[in-house]
Each structure stands twice: as structure tokens, then as C-alpha cells.
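Accompanying notes for the structure given below.
The values are calculated or read from the model by the stated rules, or taken from the named source; none is laboratory data. All figures in this text were calculated on a predicted structure; none of them were measured in a lab. No Cβ is skipped: glycine too gets one built from the backbone with ideal geometry, and neighbour counts run over all protein chains shown.
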Amino acid sequence: MKSLSFARIVKPALLIYLLIIILLSAIQVRGHTPAPPQQEPIVLVGGTIHPVNSEPIPNGMVLFENGVITAVGTDLEIPENARVVNISGKHVYPGLIHGRNTMGLSEIGRIAETTDMREKGNINPNVRARVAFHPASEHIPVAAVNGITTVVSTPMGGIISGKADAMITDGWTWEQMTLEPSIGMVIEWPSMREKEARDKALNELYEAFDKAKRYKIAREAMHNNQAPHHPMDVRWEAMIPVLKREMPVFLVANELRQIQAALDWAEKENLKMVLVGARDGAYLAEQIASRGIPVMVAPVIGGPSLQWEGYDQAYSLPAALHKAGVRFCIGGDAGAASAYRLPHHAASAVAFGLPEEVALKAITINAAEILGLDHRVGSIEPGKDATFIITDGTPLELWTDISQVYIQGREIDMTDKHRRLFERYREKHRQAQME
């Protein structure tokens, strides 16, 4: 019998997959390299420090060691073994936080093998975004060098999409890059436009929660020797922290009727809730504020959804929520390739009435508080991670240059695909001028 060639044995799809892996690996070697852990105490001196939860500190100092901020002020005692970094004329801001994105879960939209953000079926509470997170994604360094130091990697699709995880934007493995696991259960509220499809989806959601409650009761009874053995089910086990209000639900709803129905259902189920999206939130701002529901506006940059709305409907939403007293943060685009635009979304809100200091907090400390990350990131103060950015101006200005990013004290590589391409074609132009 003639021996079969490798190409005949291996399926074409697998060959394509292997080629993609080789290509991505080659790109990664030429590009961004994760930084090593902080090796020595470092103190930044001479710049303006913007803690965001307190007043700016001109000619300030930030001391950090082993990845943690140890002191902030103007006249700090510098350890003998510390490395002093002069940042005179520069500004230090907390790293920016993107609250909802497919970072690490999607790479090339047209190649299914590089995308892992949706599972089969509508009820997948056991899904964990972090275990599918691809640390060598080209999108990660693009976000990092643009000041996005924390991104909530979010599964999508179905009704209960799974658990979102807070990831840092530098590291070798998903384990190393996980800042906080399972910070929220993602639920996508069904469209209210088609009654039959809506009722079918809602029945699936109600049935899932009913099964999770019954499972919780049965397992607790078993552990208390009040019932026989009840087998573990990973789906309903994942729902127990939600039922106990230990984990919030990130309830995605945009249209007016969606938001109303989602708010009522979450209140009935006694869930800890964060409203995500909230495109029509301005019409319900007072109701949202009265219920104390935090909101993640995502995105801000976008056109009106209804013909009779003004062109600025999306842009003015953060200002409307702020005026009504709603606690909110600003997310950006859901796509990983556009994560770097997060400060542009906040800046657009400023152009339509949101105070600048509020916009900055919406992508730093307010985002951290709403996402349950404020013990680690979101502001510059002792005890928190040494995660911040050094700039020549406010991050909300398009022309602001970010000269260096620190993540947990690590001085990250400021190389990314965008910068490599810029240098490549600048050299092309320079060579053309020499001809």
C-alpha cells in the first residue's frame, strides 16, 4: 500500500489552523514581549500625580515596590536601593479600565479558529472567559500602549453567556494575566420586538434560574445530611454565587423596554445587578438612580437608534446619567481590535456635557468600584497595584502621548503592531525622499 502524504491525512481546516498559529507566533516574536516582574524599588519624581480620587499633586512622587504602591506624596523618603525615574513635565494617571470587551477571545473575525467568545446553546453560566484568553493576541499590546491596563474579557451570545474575568494587558499566560476571576455573570436580555422569540428566550432564562435555585437547595440539604447525594452540575454550581448575591449579573440591555423588563426581573430575583449598554438609559435615568443600579455605558461613540432622536443621543447619555445621579462608568467598543479607543469614548462624552473629571473617573476609579476591582486598581494610592500610565497630558486628548505604562510595577514594552507599521511606512516614505 502506498504511504499517504501528510496533506492527505490532516484535514485542510487543521492545516489552516496550524498555519495561523505559526503566523501569530512569528508576529509575536518580532513584536511585543511581556515584561519581567519588578526587580527593585522604583520612585517616579518631578511629575504631576493624578490619583483621581483626590486632588492632583504637582511635582509629586510615587514609590512602588514588588508591584505595589508604597507611598505617594511630595517629600518621600527614597530607599537606598531604589531606581529614581525623573518624569519632570509629565503626568501620572491610573491605568485605564475597559469594562466589556472580547479581548483575548477573538483575533481575526473571518477565521473561526481564532475566535472563542461564544458557546453553543443559550444557557452557559459555567463558561469562564479567562481559560480561553489568548495572551499572545496582537490586540493586547495595542490596548496596553494606549493606556488600557485592565480589560474585562467578556463572553457573548446566547442568554446566559458565562462569567467575565478582569485581565491585565501584559503577561505570558492567562493565569498570570488574570487580575480577578469571575467578576460577573453575563446575561443578554432578549429583544422585546418579536413576541414569540422574546417569550421563548425569557422562558429559557426563567427555567434556568428555577433549576439553579432547586439545585442550590438540594446541594445544601445534601451537605447538611438532610437529603441523599445530589450530583454536581457545573452549570448550576456556577450560578450559586449569583443567587447568593456574591457575584453581580452584568445584564446587557439597550432598548427602553429591555431595560425596564431587566430592572424589574433583577429586582424580583433579588440579584446584584450592573446594567450594561443602556443605550436608552437617558429615558429611565431617574428610575435607575432611585433603584441604585450602577450602569456601564457601552459604547458612547455611535449614532441614534431611532429616526426621531437627535444625532447626539449616544454621546450625551453619560451627561444625562450624571445629572440624574446614576453611578456609572464608561466602556468602549466590544471588539478587541478597538479596545484602545476607550479614552475616545470618554472624551466624546465630555464634548457633550460630561465634566472632564467625571469622564476620567468613569474609566478609572468609578469603573473599578462598579466592577469590584477598586482594592487593586483605579486610583493611585498606597496598597494598590503599581498600575499607571505616564503621559504628556490628559488621556482624554487625542494628541496626548503615553511615554510609559507600568502594570503591577512592570515597565512594559511599548511596542505594538500599530507602532511597528507606523515605523515601517515612515521608513518607506524616508527612502522615497532619497530617490
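The residues on offer are Val52, Val151, Val131, Val142, and the sole one that is touching a Ser or Thr at 6+ places or on another chain (Cβ under 7 Å) and in the same structural domain as Gly277 (by TED's automatic domain parsing) is Val151. Scan the stretch 178-190 for residues that are farther than 30 Å from Glu255 by Cα and without any contact (Cβ under 8 Å) to a residue 60 or more places away in the chain and jot them down. Scanning the stretch 178-190 gives a single hit, Thr178. Filtering Val29, Val43, Val68 for residues that are over 23 Å from Asp374 (Cβ atoms), among the β-branched types (Val, Ile, Thr) and either buried (at least 16 other Cβ atoms within 10 Å of the Cβ) or at pLDDT 95 or above (or both) leaves a single hit, Val43.
Selection within the stretch 148-183: residues that are in a strand (DSSP E or B) and on the phi > 0 side of the Ramachandran plot. The member of this set that is nearest to the chain's Cα centre (by Cα) is Ser182. Scanning the stretch 106-131 for residues that are of a type in the set (Asp, Glu) and within 19 Å of the chain's Cα centre (by Cα) turns up Glu107, Asp116.
Picking from residues in the stretch 160-181 that are in contact with a Leu (Cβ under 9 Å, 6 or more places away or on another chain) and among the β-branched types (Val, Ile, Thr), the one that is surrounded by the fewest Cβ atoms within 10 Å (Cβ to Cβ) is Ile168.
Looking across Arg327, Arg341, one residue alone is under 13 Å from the mean Cα position of the chain (by Cα) and assigned by TED's automatic domain parsing to the domain that holds Ala285. It is Arg341. Taking the residues in the stretch 40-67 that are in contact (Cβ under 8 Å) with a residue 60 or more places away in the chain and in a strand (DSSP E or B) as candidates, determine which candidate is nearest to Ser88 (Cα to Cα). Going through the qualifying residues, I end up with Gly47. Candidates in the stretch 373-420 are the residues that are surrounded by fewer than 16 Cβ atoms within 10 Å (Cβ to Cβ) and more than 24 Å from His139 (Cβ to Cβ); of these, the one that is nearest to the chain's Cα centre (by Cα) is His375.
Residue check: Leu360 meets all listed conditions (1) farther than 17 Å from Ile301 by Cα; (2) crowded, with 23+ Cβ neighbours inside 10 Å; (3) of a type in the set (A, V, I, L, M) but one, namely (1).
Just need a number here: residues in the stretch 280-305 that are within 23 Å of Asp333 (Cβ to Cβ) and not aliphatic (A, V, I, L, M). Number satisfying all stated conditions: 8.
Which of the residues spanning the stretch 80-103 are in a loop (DSSP other than H, G, I, E, B) and either in contact with a helix residue (DSSP H, G or I) (Cβ under 7 Å, 6 or more places away or on another chain) or among the polar types (S, T, N, Q) (or both)?
Scanning the stretch 80-103 gives Asn81, Ser88, Thr102, Met103.
Based on this model, can you work out whether Thr400 counts as farther than 19 Å from Ser338 by Cα, modelled with pLDDT of 95 or more, hydroxyl-bearing (Ser, Thr, Tyr) and not assigned by TED's automatic domain parsing to the domain that holds Ala166?
no
Summed over the stretch 108-159, residues that are aliphatic (A, V, I, L, M) and either without any contact (Cβ under 8 Å) to a residue 12 or more places away in the chain or surrounded by fewer than 18 Cβ atoms within 10 Å (Cβ to Cβ) (or both) total 4. When each of Val350, Val377 is tested for being among the β-branched types (Val, Ile, Thr) and farther than 16 Å from Thr150 by Cα, the lone residue that passes is Val350. Of everything listed in (1) over 28 Å from Gly109 (Cβ atoms); (2) touching a residue at least 60 places away in the same chain (Cβ under 8 Å), the single unmet condition for Leu284 is (2). Just wondering, is there one or more residues in the stretch 110-124 that are farther than 30 Å from Asp233 by Cα and either in a loop (DSSP other than H, G, I, E, B) or touching a strand residue (DSSP E or B) at 6+ places or on another chain (Cβ under 8 Å) (or both)? Yes: the stretch 110-124 contains one or more residues that are farther than 30 Å from Asp233 by Cα and either in a loop (DSSP other than H, G, I, E, B) or touching a strand residue (DSSP E or B) at 6+ places or on another chain (Cβ under 8 Å) (or both). When restricted to residues that are more than 15 Å from Val152 (Cβ to Cβ) and hydroxyl-bearing (Ser, Thr, Tyr), the stretch 349-386 contains 1.
Residues being farther than 17 Å from Cys329 by Cβ and of a type in the set (A, V, I, L, M, F, W, C): count how many of those fall in the stretch 144-166. Of the residues in that region, 5 qualify.
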